[in-house]
Amino acid sequence: MLYLRSQNVISLNNSPIMSKDNEILEEFTSKEYEHGWSVNYEADEAPVGLNEEIIKWISAKKEEPSWLLEWRLKAFRTWQEMAEPNWANVTYPKIDFDKLRYYSAPKQSNKPKNLNEVDPELLAIYERLGISLNEQKRLQGIAVDAVLDSVSVATTFKGTLSKLGIIFCSFSEAVKEHPELVKKYLGSVVPMTDNYYAALNSAVFSDGSFCYIPKGVRCPMELSTYFRINAANTGQFERTLIVAEEESYVSYLEGCTAPQRDENQLHAAVVEIYAAAHAEVKYSTVQNWFPGDKNGKGGIYNFVTKRGICAGDHSKISWTQVETGSAVTWKYPSCILKGDYSVGEFYSVAVTNNYQQADTGTKMIHIGKNTKSRIVSKGISAGKSQNSYRGQVQVMKRADNARNFSQCDSLLMGDRCGAHTFPYIDINNPSAKVEHEATTSKIGEDQIFYCNQRGIATEDAVALIVNGYAKEVLNQLPMEFAVEAQKLLALTLEGSVG
Amino acid sequence: MLSIKNLHASIEGTPILRGINLEVKAGEVHAIMGPNGSGKSTLASVLAGREEYEVTEGEVTFKGKDLLDLAPEDRAREGVFLAFQYPVEIPGVSSTNFLRTAVNQVREYRGLEPLDAVKFLSLMKEKMKLVEIDQKLLSRALNEGFSGGEKKRNEIFQMAMLEPTLSILDETDSGLDIDALKIVSNGVNQLKSADNATIVVTHYQRLLDYIVPDYVHVLYKGRIVKSGTKELALELEEKGYDWIKEEIDSAATV
């Protein structure tokens with residue numbers, strides 16, 4: 001038996017370069033966060049603090065069945081025994097979980113039965129973010145679940161989807177309307193005790209999206225959830241559960257923003273994906289939480305657990321993420337390749353600027369035979385940020401002919417940022433074929449000058465070069481999202497030339 | 001069109017150009033020749049606005065404007081084009097996409113409407129013929145994996161697309177075989193008009209068989225030490241640079 005474990009740690013802190021670059025860099029990194037505004041609305045809030053009473057309060061508020069309350073309490077008791085993970089390459093002050101608020105929802109006198117009954121002020125928040133919840137105005141082809149702080153405020157195109165047997169609704173609604181499905185799959189991919197933040201989420205999760213694609217159905221439109229944090233000093237703990245039955249297909253998008261605030265806010269979400277035989281799930285994220293200001297003040301702590309299981313043969317799960325926001329990111333969307341011939345993919349662009357810290361990557365666990373995985377990670381570091389790729393490829397004993405290809409590229413801008421790569425490879429089957437490629441490069445002055453000489457302004461040159469670098473990942477995004485992501489990359493890096 | 005007066009420039013404190021004087025009028029082709037290290041490429045880079053060179057003295061006016069006062073991109077938009085000796089690679093960015101960005105930024109500066117995709121592509125088709133460049137090359141990432149000849153051809157193609165008033169060709173002949181040299185020169189000649197001017201920087205006379213200069217200048221130790229017509233280039237081809245070096249160096253010691 002072949003047993004191979006390698007743990008290479010490659011860290012690279014950029015060496016000083018010419019001061020001219022730094023001048024340009026200074027000039028650039030002053031770009032403001034676009035979604036930093038907040039709105040005052042009357043809120044229905046849980047008292048500050050975390051204890052069993054609060055969890056009962058949340059569960060009661062949501063009129064949950066007793067099994068779910070028990071599940072939450074069990075998670076909470078486990079969480080209390082757990083220690084906060086400290087292995088990630090990030091530093092931040094200790095979070096005082098007793099000072100946070102775990103539930104905040106806009107007050108709506110009556111539960112809206114459809115979009116027309118939703119408070120126009122809430123819809124206006126999404127309009128301002130460029131997310132129209134008006135089905136008529138909306139481009140056909142994308143259904144949205146809008147989550148504001150702790151609750152889902154609206155879900156579009158439910159009618160159209162339900163005709164195909166597709167369930168797309170808020171998590172709370174799913175608990176009420178489809179308890180058997182929720183009970184069956186909740187915690188089946190990410191167990192409540194999986195890790196510190198997953199356990200916390202399991203105890204206090206407030207809302208999120210639920211999606212069920214029945215056997216043989218190809219979802220005709222993109223499904224998406226748009227998360228917005230509005231309230232101050234409140235954590236957002238949403239849960240997303242996607243179940244794709246045999247031979248079904250769905251493409252799912254997730255977007256997020258938050259107001260600019262001086263204090264840090266916690267976002268600890270859990271996403272679970274279940275794919276049955278021959279099912280395919282594509283999950284795309286454009287994450288633009290408030291990253292903190294240019295001095296590193298404020299910003300979101302984005303501690304997220306995302307995992308999918310390719311339970312059936314020939315199933316496929318593909319994660320694509322464009323991460324530009326958050327002060328600290330800790331996130332490893334993963335695939336458990338259980339079914340034979342199942343495929344897992346991870347495409348990522350992670351950008352850090354100013355004082356942002358990102359420790360992100362993936363895990364590919366090969367269990368079934370002839371399973372394949374592909375990892376393409378593109379890190380971009382600018383300002384004084386630290387950007388780490390952390391990935392694990394594990395090939396289990398019976399996973400004959402497993403294949404993995406990993407590519408981890410880092411792009412550095414300026415001389416005060418860091419790029420780090422932590423690949424872990426664990427192979428227990430001699431027929432496995434695992435490839436790992438890595439590059440580190442810098443946006444060259446030569447490249448920028450070349451663009452300048454053709455009449456292209458420096459900012460546009462950087463956008464062009466960065467988008468070229470990230471192209472392989474951006475190409476994986478649905479068209480409309482790809483355009484957004486390109487703009488976002490340019491905006492995030494505006495002014496960080498090196 | 002271009003007037004260079006007493007231009008001094010240095011890099012990291014080392015003087016490279018030590019008093020260049022040059023007048024270029026519309027319709028003219030000037031060749032700048034000289035031995036290695038004489039400052040030929042530095043002159044090209046300083047005119048294009050490369051930041052690592054510091055201009056310590058002198059002035060350059062282009063179409064009546066102070067060229068040294070303009071940012072590199074504005075120089076380009078005003079009509080200065082540099083065909084690079086070593087064009088850089090930009091992975092993931094197709095030549096087409098790159099040029100469309102460039103052409104439209106130049107047009108915006110000149111107060112023109114941006115070209116839509118259809119108009120842009122037809123302009124590209126028209127200009128592609130000039131340098132016999134394959135469309136396949138233009139859909140690939142800019143200069144990535146291009147051969148030396150393909151890179152140079154792409155430079156001249158970009159020149160055709162941007163329609164500059166002053167083109168500076170920096171050692172465009174280096175790394176070209178004779179067929180590629182003919183194609184590139186032919187492209188340059190077709191772009192020549194009474195309204196634009198060309199500065200050809202080269203080490204060898206060979207290129208000047210195809211791009212015939214009106215004036216030839218010899219650069220040595222950061223100064224133009226000899227000017228003449230195309231016959232001067234032939235003389236240099238025959239005798240090398242040593243006789244000029246000796247002439248200048250002995251004059252300096254006297």
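Nothing in this text is a laboratory measurement; each read-out follows from the coordinates by a stated rule. Note that the structure is predicted; figures quoted are calculated from it, not measured. Counting neighbours? That spans all protein chains shown, and the Cβs are built from the backbone with ideal geometry, glycine included.
Summary of the geometry: the range B:61-98 and the range A:358-376, compared by the centres of their Cα atoms, lie 44 Å apart. Approximating the spin labels as points 7 Å out from Cα along Cα→Cβ, the B:D242-to-A:K433 distance works out to 6.0 nm. With the cut-off at 1.5 for a/c, could you classify the range A:401-452 from its C-alpha gyration tensor as rounded, prolate or oblate? It comes out oblate by the Cα gyration axes. For the segment B:67-74, counting C-beta atoms of other chains within 10 Å of every residue's C-beta and taking the mean gives 4. Ordering A:246-253, A:235-242, B:86-93 by mean Cβ neighbour count within 10 Å, with the highest value first, yields A:235-242, A:246-253, B:86-93. Within 10 Å of the Cβ of each residue in B:156-169, the mean number of Cβ atoms contributed by other protein chains is 1. Label positions at A:Q407 and B:E132, each projected 7 Å from the Cα along the C-beta direction, are separated by 3.4 nm. Among B:K182, B:K65, B:K40, the residue with the largest mean-square fluctuation in a Gaussian network model of chain B, with springs joining Cα atoms closer than 10 Å, is B:K65.
For A:K176, a cut-off of 18 angstrom between C-alpha atoms picks up these aspartates and glutamates, skipping any fewer than 8 places away in its own chain: A:E63, A:E64, A:E70, A:D145, A:D207, A:E238. Only aspartates and glutamates eight or more places from A:K442 in sequence, or on another chain, were considered; those with a Cα closer than 15 Å are A:D21, A:D409, A:D415, B:E89.
Please sort B:26-34, B:118-126 by packing, taking for each peptide the average over its residues of neighbouring beta carbons within 10 angstrom, highest first.
Details: B:26-34: 21.6, B:118-126: 13.3.
Answer by packing, highest mean first, reads B:26-34, B:118-126.
Among A:K183/A:K282; A:K61/A:K158; B:K40/B:K151; A:K74/A:K331; B:K152/B:K182, which pairs are too far apart, with a Cα-Cα distance over 18 Å? From A:K183/A:K282; A:K61/A:K158; B:K40/B:K151; A:K74/A:K331; B:K152/B:K182, over 18 Å: A:K183/A:K282; A:K61/A:K158; B:K40/B:K151; A:K74/A:K331.
Here the 3J(HN,Hα) profile of the range A:344-358, calculated from phi with Karplus coefficients 6.51, -1.76 and 1.60 at θ = phi - 60°, is x, 9, 9, 10, 9, 10, 10, 10, 10, 9, 6, 9, 5, 10, 10 Hz, Gly and Pro shown as x. The H on the amide N of A:V393, modeled in the peptide plane, is under 5 Å from the matching H of A:M364, A:Y424, A:I425, A:D426, each at least 5 residues off or on a different chain. Label-to-label distance, A:E53 versus B:R140, with points set 7 angstrom from Cα along the beta-carbon direction: 7.1 nm.
A simple rule links phi to the HN-Hα coupling: the Karplus curve 6.51 cos²θ - 1.76 cosθ + 1.60 with θ = phi - 60°, which for the range A:280-288 gives 10, 10, 10, 10, 10, 10, 10, 9, 9 Hz, with x for Gly and Pro. Shown in residue order for the range B:139-154 are the 3J(HN,Hα) couplings computed by the Karplus curve 6.51 cos²θ - 1.76 cosθ + 1.60 at θ = phi - 60°: 8, 7, 4, 3, 6, 6, x, 6, 6, x, x, 5, 4, 5, 4, 5 Hz (x for Gly and Pro). Distances between placed amide hydrogens fall under 5 Å for A:T225 paired with A:D145, A:L253, A:E254, A:G255, all partners being 5 or more residues away or on another chain. The residue list B:N36, B:A48, B:V188 was ranked by how far each Cα lies along the charge dipole of the range B:2-253 toward its positive end, using unit charges on Cβ atoms, and B:V188 comes out on top.
Once fully extended, how much extra length lies between B:N189 and B:D177, figured as 0.36 nm per residue of separation less the alpha-carbon to alpha-carbon distance?
Numbers: separation 12, 0.36 × 12 = 4.32 nm, distance 1.81 nm.
Value of the extension gain: 2.5 nm.
I need to check one value: relative contact order of the range A:246-398, counting alpha carbon pairs closer than 8 Å and at least 6 residues apart, in percent. Numbers along the way, then the final one.
Working: 512 pairs, mean separation 30.0, N = 153.
Taking the mean separation of contacting Cα pairs over the length of the range A:246-398, I get 20 percent.
Listed by chain and number, the lysines whose alpha-carbon sits under 20 Å from that of A:K487, ignoring those within fewer than 8 places in the same chain, are A:K31, A:K294, A:K378, A:K471. In degrees, nearest 10, range 0 to 90: what is the angle between the Cα axis of helix B:178-191 and the longest Cα principal axis of chain B? It is inclined by approximately 80 degrees.
Annotation: amide H of A:Y274 within the under-5 Å range of A:I242, A:V243, A:A244, A:I309, sequence separation 5 or more or interchain, hydrogens built in the peptide plane. Full extension of the chain between A:L491 and A:T91 gives 141.5 nm of extra length, using 0.36 nm per residue less the Cα-Cα distance.
Given charges of +1 on the Cβ of Lys and Arg and -1 on the Cβ of Asp and Glu, with all other atoms neutral, how large is the dipole of the range B:2-253 about its Cα centre, in debye to the nearest 20?
Values: 30 positive and 40 negative charges, 117 e Å.
Charge dipole, the range B:2-253, about its Cα centre: 560 debye, nearest 20.
Under unit Cβ charges (Lys, Arg +1; Asp, Glu -1), what dipole magnitude, rounded to 20 debye, does the range A:171-302 have relative to its Cα centre? My answer is approximately 220 debye. Counts of other chain beta carbons within 10 angstrom of each beta carbon in peptide B:105-112 average 2. Using the Cβ-Cβ distance between B:A117 and A:S441 with R0 set to 35 Å, the FRET efficiency works out to roughly 0.70.
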